[in-house]
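These notes concern the structure reproduced below.
The values are calculated or read from the model by the stated rules, or taken from the named source; none is laboratory data. All of these numbers come straight from a predicted model, not from anything done at the bench. Every residue, glycine as well, gets a Cβ built from its backbone with ideal geometry; the counts of neighbours run over all protein chains shown. Note: areas computed on protein heavy atoms with side chains; ligands, DNA, RNA excluded. Shrake-Rupley method; radii C 1.70, N 1.55, O 1.52, S 1.80 Å.
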Amino acid sequence: MKQERETLFLSALEQNRQKLYRICSIYSEDDEDSKDLFQEVLIQIWKSMPSFRGKSSMSTWMFRVALNVCLRFKSKYSKNQNRFTRLNSVTISNFKTEENNNEDSEKLKALRICIKKLNKGDKAIVALYLEGLAYKEISSIVGLSENHIAVKIKRIKSKLFNCINKVL
């Protein structure tokens, strides 16, 4: 039983690791917070494995757990934000970028900035949408109808487009 659970966990993690990490990065302030949040997500997924009933795919269930952990983290973070002064970490990169990569990098930075400005619900929807999940999967994760998801994605795209144009 434990061996089966471990095998299922490792297999699902292998398939969804990068997607889960990207979701965590949307809800965190920097790379270190993303890593911490990702670790917390993995712990909660492991602890919750016995409650997985198979009513949805394993990856859909993992995204639901990840979003719940991220939303709790964001809530705790915003409550404690006034009590602490945040020191930004220094990131050193040895990678050389070409001009067109630099332009793409700027657009990606602008997208991340704009996503972080969205409310919690919209942020969750866009994170799942950017991971390529179908509207049906997104609706089962966030608890809204497929039609509502479609409308929200259209509105979110418009918000992001306007925001990115202002940032760039």
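Using only Cα atoms, locate the centre of the stretch 28-60 and the centre of the stretch 120-168, then give the distance between them in Å, rounded to an integer. Each part reduced to its Cα centre gives a spacing of 20 Å. Among residues other than Lys55 with Cβ under 14 Å from its Cβ, the summed charge is +2 (Lys and Arg +1, Asp and Glu -1).
What is the sum of charges, Lys and Arg at +1 and Asp and Glu at -1, for the other residues whose Cβ falls under 10 Å from the Cβ of Ile138?
-1
Per-residue Karplus couplings for the stretch 31-41, computed as 6.51 cos²θ - 1.76 cosθ + 1.60 with θ equal to phi - 60°, are listed in order as 5, 5, 5, 4, 5, 5, 5, 4, 4, 5, 4 Hz, Gly and Pro entered as x. The local environment of Ala12, defined by Cβ-Cβ distances under 12 Å, has a net charge of +1 under the rule Lys, Arg +1 and Asp, Glu -1. In this view, the solvent-accessible surface of Arg64, computed with a 1.4 Å probe and all protein chains in place, comes to about 70 Å².
Each residue, Glu29 and Lys109, gets one label point 7 Å from its Cα in the Cβ direction; the gap between the two is 1.9 nm.
With all protein chains in place and ligands, DNA and RNA left out, the 1.4 Å accessible area ranks Lys117, Lys152, Lys35, Lys55 as Lys55, Lys117, Lys35, Lys152, largest first.
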